[in-house]
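The values are calculated or read from the model by the stated rules, or taken from the named source; none is laboratory data. Since we're looking at a predicted model, the values are computed, not measured. Cβ atoms come from the backbone with ideal geometry, glycine included; neighbour counts cover every protein chain shown.
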Amino acid sequence: MAARKLLGGLRRRGHLAVAAVIALVATLLVSGVVTAAHADPDPATAGRGRPSPTPTGSPTPPSLSPADGSYIEGTVKVAAVPAAAGDSVTELAVDGAALNATRTVGVSRLRFDVGSNSTEARYHNYVLVNGVYRSDIGDLVNERGTIEIPNEHLVKGENTIEIFAGTIQSSCGTNYDDFVLSDVGLELLGEVADGEDNPYTLSFGDGNCGSNTALLKQATLKFFVKGDPQGTTGLATDLDTTTLANGEHAITAKAASGATVKHTVTVNNAPAGRPGCCPRTARWWHAPRRSTRPCRPPAGAASRPSPSTARNPPRRPPWATVRRRSASTWARTRSTTSTTTSCSSTASASTWEAPGPAGASRSPFPPGSWCRGTTRSRS
């Protein structure tokens with residue numbers, strides 16, 4: 001009996017010993033796994049087997065004006081507008097020299113659909129932004145309209161936009177314009193403002209001579225803006241092109257992200273009081289050129305063609321083509337004589353000739369007039 005008890009005790013102790021060994025091995029295995037999980041990876045295989053992040057595209061450069069390839073003269077507006085929220089324009093330059101530019105906050109856009117019952121400009125329907133900025137709604141029908149709102153009139157948070165139906169006087173008294181707007185939204189740079197509480201469709205007017213009093217005369221909409229409408233800025237300045245030599249120049253703009261844009265423009269200034277010529281349209285005119293719009297007759301110049309052109313319209317005037325001699329030299333040749341009249345706008349030349357036909361004392365360019373060139377010449 002005593003022997004059986006002793007044997008049973010040994011068996012139980014053996015089981016306990018085996019269990020203890022198994023538990024110890026399991027503990028060591030677990031600790032090894034944990035240790036391996038926290039071990040520093042081999043530098044040679046650090047990224048092996050791990051997914052690589054998707055590369056992002058290059059940042060979008062700002063939009064820049066004047067347009068690439070433009071001919072400019074006098075004083076022109078140079079402006080760069082950011083293309084992405086948070087990526088402000090940091091530099092505006094000509095030929096690498098930074099311009100003294102002013103920061104701009106840009107515009108946001110109020111967009112809406114107009115139905116078949118159109119809005120008419122003569123009624124002066126308008127929107128009012130935060131009680132201070134008014135913009136009229138023009139002639140729109142069956143299209144999506146857009147009104148630009150300067151960002152200085154918008155704020156971070158809630159913005160109020162009111163829409164008013166305009167009036168005219170008619171045979172039945174004051175008459176409101178009848179129109180329907182729908183899907184009104186406010187779009188900012190990188191954000192569409194939250195306007196989910198606004199009605200989708202707005203019907204304005206008063207029916208036929210006030211017959212429908214249920215229509216709206218005014219509606220108030222609320223839009224919540226998360227970002228700062230004035231937080232991303234552009235640059236703009238008035239460039240006096242007379243400080244530059246005639247010919248090609250590079251206008252560049254750079255954003256905070258490093259994205260850049262370059263436009264090549266051609267300065268085409270004429271000496272004050274001398275005839276000017278337009279490379280694109282072959283138009284000539286007299287008087288000092290002070291226009292900020294390239295290739296247009298300056299203020300004070302008559303918009304009628306010269307008498308010689310008026311007598312011989314479209315087919316062929318007495319004088320013929322304007323042709324390009326060099327990057328900035330232009331000439332025209334009379335078809336009835338061998339006399340050549342030319343103007344030079346090169347930086348080195350300042351001689352502007354306008355002699356009349358052989359033996360004549362008056363200029364073929366009547367003061368205050370401008371002429372259009374043709375495509376062929378005959379000597």
Going residue by residue through segment 122-143, is there one that turns out to be in a helix (DSSP H, G or I) and in contact with a Pro (Cβ under 7 Å, 6 or more places away or on another chain)? no
Among the residues listed as L189, L215, the single one being in contact with a helix residue (DSSP H, G or I) (Cβ under 9 Å, 6 or more places away or on another chain) and either outside the structural domain of A85 (by TED's automatic domain parsing) or surrounded by 17 or more Cβ atoms within 10 Å (Cβ to Cβ) (or both): L189
Test for E148: is it acidic (D, E), assigned by TED's automatic domain parsing to the domain that holds G195 and touching a residue at least 24 places away in the same chain (Cβ under 8 Å): yes
Confirm whether S203 is farther than 30 Å from P59 by Cβ, in contact with a Leu (Cβ under 7 Å, 6 or more places away or on another chain) and not charged (D, E, K, R). yes
Could you tell me which residue of segment 87-115 is surrounded by the most Cβ atoms within 10 Å (Cβ to Cβ), considering only residues that are under 11 Å from T233 (Cα atoms) and under 16 Å from the mean Cα position of the chain (by Cα)? V89
All but one of (1) of a type in the set (F, W, Y); (2) touching a residue at least 60 places away in the same chain (Cβ under 8 Å); (3) under 26 Å from R103 (Cβ atoms) hold for Y133; which doesn't? (2)
When segment 171-230 is checked residue by residue, the ones that are aliphatic (A, V, I, L, M) and in a strand (DSSP E or B) are V180, L181, V184, L186, L188, V192, L202, L216, A219, L221, V225
Give me the strands (runs of 3 or more DSSP E) completely within segment 55-121, filtered to those with at least 3 residues that are out of contact with any Pro (no Cβ under 6 Å at 6 or more places or on another chain), more than 30 Å from A245 (Cα to Cα) and modelled with pLDDT of 95 or more, ordered by residue number. 107-114
Would you check which residues across segment 231-269 are among the polar types (S, T, N, Q) and either more than 19 Å from the chain's Cα centre (by Cα) or assigned to a loop (DSSP other than H, G, I, E, B) (or both) and list them? T232, T233, T241, T242, T243, N246, S257, T266, N268, N269
